[in-house]
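The values are calculated or read from the model by the stated rules, or taken from the named source; none is laboratory data. From a predicted model like this one, the values you see are computed outputs, not experimental measurements. Cβ atoms come from the backbone with ideal geometry, glycine included; neighbour counts cover every protein chain shown.
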Amino acid sequence: MLIQIQILYLIILAILIIIFSNTLTLPLCLINKGSTGGELAKNILFHIIPSLYQKGLKSPIYMTGTFTSTNRIDIVTSNHISTFDFFILISLIRQYDDRNVYCVFKKGIILLPAVGLMYSSTNDIIMNRKLDDDQENIINTIKKIKTGIIIIMPEGTRYTPEKHKLSHEFSITNNLQKFDNLLYPKMKGLWVIYNALKEDNKMGHIIDITILLEKLRHKNGYASTMLSTNIGNTMGHINTYQIPSNMDDYNLFKSWFLQIWTKKDNILTKMFTKDDINIYKTLKPTFKSSDYILFIFIIFIFMYFTFHTKGMFIVYSVILSYIITMYKGFFMKK
């Protein structure tokens, strides 16, 4: 029964993404070369993600810590433990900040129907996973962003016991620090983003979020596992850091950030043992009335065109959105 409920909520989310992408992002993309359509669709969906996550996965979110944003661009860093980490981070961020949220994605995401159009129509950072090839793209994308939040997961991949073992072996071989609950972070991408923001005088704080799935300690958090297992509560611990002014050298930055990662590792140990469980509070989803009205209006427009075209609106809009996405992906520099 649990897996049926979880799949139902995922289907609902997939349908909503298709509706918003084809009804909102697509027409605005055709009349406006900017990122208005994608950002608007994203922000509305972001407000319903906390409810979909908590109800769909039967996993209440509990949070603690300090989230201090600026009027510049803040970077949110996090450990990467599951397929649905993005939902957890958005749920936590939206409790404190309504600004645009930008993510670092691999280029393959723009090949996905509906999702691809939405994210190729925003100022999210699309990467090839080859930093040398991506630096110019990162710098150019950041120049388009005035304020907001950039999410990056320095581990670069989801935690699994096998990857944790490989991370330990890598640390031993290269005489690096080992972590009990984390993978060794890849910091060059974060360093490039930090430098680009600093050069444009846009760098705010680094807000580090430590996330935990109560019943998946040191286990893989792939979708198949989360859809068939009781994952327990979701926990989030937030810390805000102001970057020292002397971070002009990568090795200095690396040393400083590893202190954050060490603290995160210790926080996870406490979260696992529930030593400080009383400091956490329940996350309560918020949904603005303006978003609610727009949400209903877009669904109404989608249904109106779908029924009046006997379903052909869906067919044509999906085909057109996919053509636009392919064009952006292969012929345009993000």
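Data for the structure
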{"item": "Selection count where residues are modelled with pLDDT of 85 or more and in contact with a Ser or Thr (Cβ under 7 Å, 6 or more places away or on another chain), scope the stretch 2-21", "result": "1"}
{"item": "Any hit, the stretch 169-182, residues being in contact with a helix residue (DSSP H, G or I) (Cβ under 9 Å, 6 or more places away or on another chain), surrounded by 21 or more Cβ atoms within 10 Å (Cβ to Cβ), outside any loop (DSSP other than H, G, I, E, B) and not hydroxyl-bearing (Ser, Thr, Tyr)", "result": "no"}
{"item": "Test for Lys334: is it at pLDDT below 90, surrounded by 16 or more Cβ atoms within 10 Å (Cβ to Cβ), at negative phi and of a type in the set (D, E, K, R)", "result": "yes"}
{"item": "Number of the condition not met by Asn123 [criteria: (1) surrounded by fewer than 16 Cβ atoms within 10 Å (Cβ to Cβ); (2) among the polar types (S, T, N, Q); (3) in contact with a Ser or Thr (Cβ under 7 Å, 6 or more places away or on another chain)]", "result": "(1)"}
{"item": "Positions within the stretch 19-39 being surrounded by fewer than 20 Cβ atoms within 10 Å (Cβ to Cβ) and aliphatic (A, V, I, L, M), in sequence order", "result": "Leu28, Leu30, Ile31"}
{"item": "Single condition Asn220 does not satisfy, out of (1) within 26 Å of Gly108 (Cβ to Cβ); (2) out of contact with any Pro (no Cβ under 8 Å at 6 or more places or on another chain)", "result": "(2)"}
{"item": "Qualifying positions in the stretch 191-247 - farther than 24 Å from Gly65 by Cα, of a type in the set (Val, Ile, Thr) and either buried (at least 17 other Cβ atoms within 10 Å of the Cβ) or touching a strand residue (DSSP E or B) at 6+ places or on another chain (Cβ under 8 Å) (or both)", "result": "Val192, Ile193, Thr229"}
{"item": "Meets criteria (surrounded by fewer than 15 Cβ atoms within 10 Å (Cβ to Cβ) and at pLDDT 95 or above) for Thr273", "result": "no"}
{"item": "For Tyr119: the one exception among (1) assigned to a helix (DSSP H, G or I); (2) touching a strand residue (DSSP E or B) at 6+ places or on another chain (Cβ under 6 Å); (3) hydroxyl-bearing (Ser, Thr, Tyr)", "result": "(2)"}
{"item": "Lone qualifier among Thr225, Thr240 - being within 21 Å of the chain's Cα centre (by Cα) and assigned to a strand (DSSP E or B)", "result": "Thr240"}
{"item": "Members of the stretch 27-39 found to be more than 16 Å from the chain's Cα centre (by Cα) and within 22 Å of Lys288 (Cβ to Cβ), listed by number", "result": "Leu28, Ser35, Thr36, Gly37"}
{"item": "Any hit, the stretch 250-259, residues being in contact (Cβ under 8 Å) with a residue 12 or more places away in the chain, more than 24 Å from the chain's Cα centre (by Cα) and either more than 25 Å from Ile61 (Cβ to Cβ) or in a helix (DSSP H, G or I) (or both)", "result": "yes"}
